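K.L.:
Supplied in structure tokens, the structure appears directly below.
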Amino acid sequence: MKAILIRDGGHSAEDLYVGDVSRPEVGRGHVLIRVSHSGVNRPDILQRQGSYPPPPGASPIMGLEVAGTVETVNSDENLWTVGDRVCSLVNGGGYAEYVSVDARHLLPVPRGLSEAEAAGLPEVCLTVYANLMEHGALQAGETVLVHGTNSGIGSMTVMMAKGFGANVIATVRGAERAAWVKGLGADHVIDTRNTDFVTPVKDLGGADVVLDIMGGDYTPKNILCLKHRGRIVQVGMIRGNKTEIELPRLMQKQGILTGSMLRPRSADEKARLSAAVAERVWPLIEAGAIRPVLARVFDAADAGAAQAYLDSGQHTGKVVLRW
Ligand SMILES: NC(=O)c1ccc[n+]([C@@H]2O[C@H](COP(=O)([O-])OP(=O)(O)OC[C@H]3O[C@@H](n4cnc5c(N)ncnc54)[C@H](OP(=O)(O)O)[C@@H]3O)[C@@H](O)[C@H]2O)c1
């Protein structure tokens with residue numbers, strides 16, 4: 001099969017090429033997907049650059065999510081049939097024509113969506129669902145504060161929080177992006193190019209849940225924005241992996257500061273999350289309450305250009321490769 005490989009010793013986007021490799025073995029409990037589209041994510045770029053090696057047992061090929069068609073089923077559980085249109089989180093190996101996946105991790109392509117749109121859903125949906133609804137324990141009627149809402153994670157958080165009946169305060173950089181985020185359904189949008197977010201959020205009554213991809217200097221500010229018994233869920237650290245906080249501020253509010261990562265979770269845990277997302281998030285997508293945002297589709301042979309585009313930060317939404 002064809003796969004996107006990295007030239008020996010190469011770390012730049014120009015070092016990616018289409019090569020021939022063997023199809024993956026389809027272990028017990030696994031399904032082989034004939035991939036039509038592969039989602040492009042930042043960890044793929046880090047893997048190419050050598051700073052994010054695949055975990056033990058994972059495919060050395062880049063790619064964390066795909067959409068396509070079930071080609072082979074090696075599972076007694078009657079979950080999938082050859083020919084089903086599916087999308088899935090994968091433990092590496094997504095930048096290839098075929099990938100073997102734990103049958104419990106597959107999700108159907110939501111009704112009304114293309115496979116290109118579906119390829120960009122698993123990573124962001126599982127991440128946001130786990131952190132917003134499980135770690136953040138969001139309840140309908142509560143208020144969510146989310147930063148960087150033109151990002152994949154940020155825009156999905158806005159839509160998912162609205163879908164589950166929350167009020168959303170979104171921050172973003174720039175007036176054009178602010179207008180775009182308002183269009184996603186955010187109740188309040190703060191342009192952090194013009195103003196700090198703490199006072200406006202406090203004026204709006206504060207946040208029950210903060211889903212934060214920023215860290216750094218945003219963490220103490222997030223604590224200031226928290227309501228009594230509020231929860232901050234750390235998902236990224238774009239503004240810094242170190243921060244200084246005043247602990248009494250958290251304690252006075254009986255606040256919770258937590259966080260999680262998707263990739264190191266066990267196969268069982270990903271199976272549980274995939275089932276929860278299928279049950280609770282897929283209906284919101286099929287009803288149009290969550291709309292996948294596709295930034296651009298590249299031919300798989302242009303994977304280097306696709307990664308460079310993602311890295312440039314020009315995109316709004318998901319970048320996807322087409323096989
Ligand atoms: N924990 C997990 O399991 C998990 C899973 C998936 C992703 N993540 C993390 O989540 C984060 C977002 O991922 P993504 O794919 O959604 O990212 P993305 O689409 O590339 O977006 C990055 C966002 O960060 C903003 N940003 C960049 N530098 C900034 C700065 N200095 N100050 C304020 N905003 C800044 C960008 O805004 P501009 O457009 O204004 O630059 C953009 O909104 C990443 O850090 C990723 O590693 C975590």
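K.L.:
Determine, yes or no, whether LYS221 is modelled with pLDDT of 95 or more, assigned to a helix (DSSP H, G or I) and touching a Lys or Arg at 6+ places or on another chain (Cβ under 9 Å). It would help to see each step written out before you state the result.
P.N.:
Details: modelled with pLDDT of 95 or more: yes; assigned to a helix (DSSP H, G or I): yes; touching a Lys or Arg at 6+ places or on another chain (Cβ under 9 Å): no.
No.
K.L.:
Now for a different question. One residue is enough: does the stretch 40-61 have a residue meeting the conditions surrounded by 17 or more Cβ atoms within 10 Å (Cβ to Cβ), at negative phi and in a strand (DSSP E or B)?
P.N.:
Scanning the stretch 40-61, I find at least one residue that is surrounded by 17 or more Cβ atoms within 10 Å (Cβ to Cβ), at negative phi and in a strand (DSSP E or B), so the answer is yes.
Listed here are the residues, each with its yes/no results for (1) farther than 30 Å from ARG229 by Cα; (2) without any contact (Cβ under 8 Å) to a residue 12 or more places away in the chain; (3) β-branched (Val, Ile, Thr).
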{"position": "PRO248", "(1), (2), (3)": "no, yes, no"}
{"position": "SER260", "(1), (2), (3)": "no, no, no"}
{"position": "ALA278", "(1), (2), (3)": "no, no, no"}
{"position": "TRP282", "(1), (2), (3)": "no, no, no"}
{"position": "ALA287", "(1), (2), (3)": "yes, yes, no"}
{"position": "ASP299", "(1), (2), (3)": "yes, no, no"}
{"position": "ALA305", "(1), (2), (3)": "yes, no, no"}
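K.L.:
Here is a list of conditions, (1) at pLDDT 95 or above; (2) within 14 Å of the ligand (Cβ to nearest atom); (3) not β-branched (Val, Ile, Thr), and ASN167 meets all of them except one; can you say which number that is?
P.N.:
Against the list (1) at pLDDT 95 or above; (2) within 14 Å of the ligand (Cβ to nearest atom); (3) not β-branched (Val, Ile, Thr), ASN167 comes up short only on (2).
K.L.:
As an exercise: evaluate GLY313 against (1) surrounded by fewer than 15 Cβ atoms within 10 Å (Cβ to Cβ); (2) not assigned by TED's automatic domain parsing to the domain that holds VAL109 and give the number of the one condition it does not meet.
P.N.:
(2)
K.L.:
Kindly provide the set of residues from the stretch 180-208 that are surrounded by 20 or more Cβ atoms within 10 Å (Cβ to Cβ) and within 14 Å of ILE223 (Cα to Cα), ordered by number.
P.N.:
Initially, the stretch 180-208 is screened for residues surrounded by 20 or more Cβ atoms within 10 Å (Cβ to Cβ), giving 181, 184, 186, 189-190, 197, 201, 207-208.
Result: PHE197, VAL201, ALA207, ASP208.
K.L.:
Among the strands (runs of 3 or more DSSP E) lying completely within the stretch 71-147, list those that include at least 1 residues that are assigned by TED's automatic domain parsing to the domain that holds GLY57 and in contact with a strand residue (DSSP E or B) (Cβ under 8 Å, 6 or more places away or on another chain).
P.N.:
Qualifying strands (runs of 3 or more DSSP E): 85-89, 98-102, 106-108.
Let's see how each residue does on (1) modelled with pLDDT under 95; (2) within 19 Å of GLU115 (Cα to Cα); (3) part of a strand (DSSP E or B):
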residue: GLU279; (1), (2), (3): no, no, no
residue: PRO283; (1), (2), (3): no, yes, no
residue: PHE298; (1), (2), (3): no, yes, yes
residue: ALA303; (1), (2), (3): no, yes, no
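The values are calculated or read from the model by the stated rules, or taken from the named source; none is laboratory data. The structure displayed is predicted, hence computed values, not measured ones. Neighbour counts are summed over all protein chains in view; Cβ atoms, including those assigned to glycine, are modelled from backbone coordinates with ideal geometry.
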